Structures are given as structure tokens and as C-alpha cells.
Amino acid sequence: MDRARRAEAASAAASALGSLERGIEILLCLAAGMRPMNLTQVHRSTGFSKTTTHRLLGTLQRRGLVTRTGGDYTVGGRLADLVAPRGWVVQGRRLPGSRRAVLPHLLQLYEATRQTVNLAVADGFEVAYVERLYGHNRVRSPSDGVDRAPLHCTATGKVLLAYDAGLRAAFLASPALRRMTGRTVTAPAALERELAAIRVEGVAYAREEFAEGVCCAAAPVFGPDGGACMAVAVAAPVGAAALPRLSGAVRRTAHQITGALLL
């Protein structure tokens with residue numbers, strides 16, 4: 001019996017090691033792909049069976065190492081945090097040196113507005129704040145401490161939805177939009193109209209839609225491939241600063257950051 005148990009334990013250990021190696025191979029595949037990949041693409045790239053690939057992607061997603069948007073997978077979440085000091089992971093790929101290039105512009109935006117400055121990327125159906133600058137009078141928000149928020153009721157989230165057709169389609173096909181305050185837009189048709197206006201104007205607003213007493217303006221940052229990869233925003237207490245003035249400063253900063261990422 002002892003021999004049988006040892007053999008069974010050795011078999012289980014070998015199986016676990018095999019799964020670990022295959023999981024690492026999937027992560028390397030997603031990172032090397034430089035863009036989101038669906039199940040079939042990962043399955044073909046790794047050579048693993050589709051069943052195994054699906055199972056391991058699900059495990060990696062639950063552990064926060066892979067993000068799924070619709071039917072596409074990217075590296076993200078915890079894995080993105082590990083490489084953030086050298087550059088952020090955006091849409092499944094790392095932008096080397098991006099933090100060093102971007103921070104001066106964020107600091108300049110803070111000096112110009114004296115309000116909370118946020119830089120966000122999409123992570124599933126949420127925005128993940130990868131940088132936040134603020135002073136002693138920081139505006140309070142439900143995202144404090146978690147650095148995450150829903151897409152549909154934040155200015156940064158609306159920008160990312162507006163400029164990413166795949167993310168927008170997947171999000172609008174998801175269950176009903178959650179109401180955060182009395183001003184949250186929860187009708188898909190109304191949200192789509194607002195997103196269309198954002199693409200025309202180049203700026204998004206959130207007026208007490210995520211948190212009472214907080215307004216925000218955001219603009220898109222475009223990456224080397226021409227797609228909107230991040231959103232920069234300023235959040236302020238209602239009445240503390242006029243949104244049109246904030247939007248002008250945010251637009252200028254987003255344009256400067258876009259230029260910095262292209263260098």
C-alpha cells in the first residue's frame with residue numbers, strides 16, 4: 001500500500017509540474033504575441049490540446065495572471081503589476097520605459113490643476129489605475145485602496161470603451177450595467193451615444209456617476225500601434241474646478257504622453 005501511495009504521489013507531482021510548465025508556456029505565448037489572443041490562437045501557438053489550453057487559461061485568469069475580454073486573452077492583473085516599475089503592461093504587451101517617459105507629464109498636469117491625476121488601462125470590464133498623483137486635499141473615491149473601478153461610470157473607463165471596438169462590444173453584451181449613484185448611465189443605448197460623442201470630441205466626462213460629489217475629465221493616450229492604450233484623467237470635487245478647463249489640460253497631457261510613447 002505504501003508503495004502504491006508513493007507511486008500515486010509521484011504521478012500527481014509529475015502532473016502538477018507538467019501543468020506548471022504548460023501554464024508558463026501559455027503566459028510566454030501571450031506576452032510574445034504583443035496583442036490579445038483567443039483560445040484557438042493560443043492552442044495552435046502552444047500545441048496543447050484545446051481542452052488543456054482552456055483549462056489552464058481559466059486557472060491563470062482566476063489567479064489574476066491573465067485577463068479575459070470577450071473571447072480574447074492577455075497577460076494582465078498581477079503579472080502587469082510585477083513589471084510596472086520598468087513599464088506598464090498595456091493590452092497584453094509591456095511598453096518598456098513607459099513610466100519614466102510618462103511621469104513628468106502627469107506631474108505637470110497635477111501642477112496645472114492641483115487635483116487628483118489618474119492614468120488608467122483596461123483590465124477586463126474594469127479600469128486599473130496604474131498611476132495616481134494627488135495632494136493632501138485628495139478627492140475621495142470608492143476606488144481608493146483598490147485602484148480599480150467600473151468602465152461605464154468613470155471618465156477613464158468611457159474613454160477606453162469609446163476607442164476599443166472589441167472591448168465595447170463585449171462590455172455592452174454583458175449583464176445590466178451596475179448603478180453606482182443616481183447619475184450612473186445604465187441604459188446601453190444611452191451609453192453608446194455618449195461613447196460616440198467621446199470619439200468625436202476626444203474627451204470623456206463623469207459627473208457624479210461613480211461617486212457622489214466627484215467629477216472627472218479624461219482623454220485617450222495612443223500607443224505605437226495607433227490604438228488608444230491608456231486614459232489620463234483629472235478628478236475633482238464638484239464645483240472645485242470647471243470641467244471644460246480640466247478637459248483642456250487633460251487633452252494636452254494625453255497628446256504629450258502619446259508623443260512620449262512614440263519616441
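The values are calculated or read from the model by the stated rules, or taken from the named source; none is laboratory data. Quick caveat, the model's predicted, so the values are computed rather than measured. Note: ideal-geometry Cβ built from the backbone for every residue, glycine included; neighbour counts use all protein chains shown. The protein model used for the area step is the full one, side chains on, heavy atoms only, and it has no ligands, DNA or RNA in it. Shrake-Rupley method; radii C 1.70, N 1.55, O 1.52, S 1.80 Å.
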So how many residues does the range 151-172 have that are assigned to a loop (DSSP other than H, G, I, E, B) and in contact (Cβ under 8 Å) with a residue 60 or more places away in the chain? 2
Boolean, Gly239 is at positive phi and among the small types (Gly, Ala, Ser): yes
Which one of these does Leu79 not meet: (1) under 14 Å from the mean Cα position of the chain (by Cα); (2) modelled with pLDDT of 80 or more; (3) of a type in the set (A, V, I, L, M, F, W, C)? (2)
Based on this model, can you work out whether Pro175 counts as touching a residue at least 12 places away in the same chain (Cβ under 8 Å), out of contact with any strand residue (DSSP E or B) (no Cβ under 6 Å at 6 or more places or on another chain) and open to solvent by 60 Å² or more (accessible area, probe 1.4 Å)? no
For Val203, which of the numbered conditions (1) modelled with pLDDT under 95; (2) over 14 Å from the mean Cα position of the chain (by Cα) fails to hold? (1)
Cβ-Cβ under 9 Å pairs, at least 6 apart or on other chains, the range 41-63 side farther than 11 Å from Arg22 by Cβ, far side at pLDDT 90 or above and acidic (Asp, Glu): none
Determine whether Ala170 is of a type outside the set (Val, Ile, Thr), over 30 Å from Arg63 (Cβ atoms) and open to solvent by less than 40 Å² (accessible area, probe 1.4 Å). no
Do you know which residues across the range 51-65 are touching a strand residue (DSSP E or B) at 6+ places or on another chain (Cβ under 8 Å) and among the hydrophobic types (A, V, I, L, M, F, W, C)? Leu57, Leu60, Leu65
Is it true that some residue in the range 88-101 is open to solvent by less than 50 Å² (accessible area, probe 1.4 Å), of a type outside the set (Val, Ile, Thr), under 23 Å from Ala231 (Cα atoms) and modelled with pLDDT of 55 or more? yes
